[in-house]
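**Q** I have a structure here, written as structure tokens, and I will follow up with some questions on it.
The values are calculated or read from the model by the stated rules, or taken from the named source; none is laboratory data. On a predicted model such as this, the values are computed, not experimentally measured, just so you know. Quick reminder, even Gly has a Cβ in these numbers, built from the backbone with ideal geometry, and neighbours come from all protein chains shown.
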Amino acid sequence: MSRKNKKAPWEEEEEIIWVSKSEMKRDMEELQRIGEEIAELKPNALAKIPLDDEMLAAIKDAQRFKNEARRRQLQYIGKLMRNIDVEPIQAALDKLKNKHSQATVELKKLEQKRDKLIENGDSMINAILVDHPDADRQRLRQLVRQAKKEKTQEKPAKAYREIFQYLKELYLED
């Protein structure tokens, strides 16, 4: 009995994963695109991206260059990015992109809180005071009464807007 085609149990087969040249090229172009996004950032946003010194210098150079020099520098940035972990950089970029939508969500929550405040009155004021003990209970009660009065008399919603501004100051200053 011969053992030509059988391997010993201690010999493991290595699985070779073949990557096409086109796929490698797409990956490199993606890294270069990320580098280009970073190069478009303003200095205060760039400070929020976790970059090493060499990459930061390359990004700043790319921001200074024009035309062909910029294209070559972006290729160089893509080459540098092959050797570093891109996930934290991508996460920071995503966070910067979503900042506007996050702010919108926060403002929507405040609008809902304002509507509940006008609807529920003192019980909602107590809930707000639990979160923010420094809030002015009397001012809130006064604004709620004014907002209800304006609504019944169909007047412009001045107190309604003031409640929103007050809540915005309370919740967004945290």
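**Q** Among the candidates Asp85, Asp134, Asp122, which residue alone is surrounded by fewer than 18 Cβ atoms within 10 Å (Cβ to Cβ), within 30 Å of Ala39 (Cβ to Cβ) and of a type outside the set (A, V, I, L, M, F, W, C)?
**A** Going through Asp85, Asp134, Asp122 in turn, the sole match is Asp85.
**Q** Here's something else I'd like to know. Which one of these does Glu150 not meet: (1) assigned to a helix (DSSP H, G or I); (2) under 22 Å from Glu30 (Cα atoms)?
**A** Here Glu150 meets the rest and fails (2).
**Q** Now for a different question. Residues being closer than 13 Å to Leu172 by Cβ and among the aliphatic types (A, V, I, L, M): count how many of those fall in region 109-123.
**A** Final tally of qualifying residues: 1.
**Q** Also: Return the total of residues in region 153-174 being part of a helix (DSSP H, G or I) and either over 25 Å from Ala103 (Cβ atoms) or among the charged types (D, E, K, R) (or both).
**A** Counting residues in region 153-174 that are part of a helix (DSSP H, G or I) and either over 25 Å from Ala103 (Cβ atoms) or among the charged types (D, E, K, R) (or both) gives 5.
**Q** Hey, Lys99 hits all of (1) modelled with pLDDT under 85; (2) surrounded by 15 or more Cβ atoms within 10 Å (Cβ to Cβ) but one; which does it fall short on?
**A** (2)
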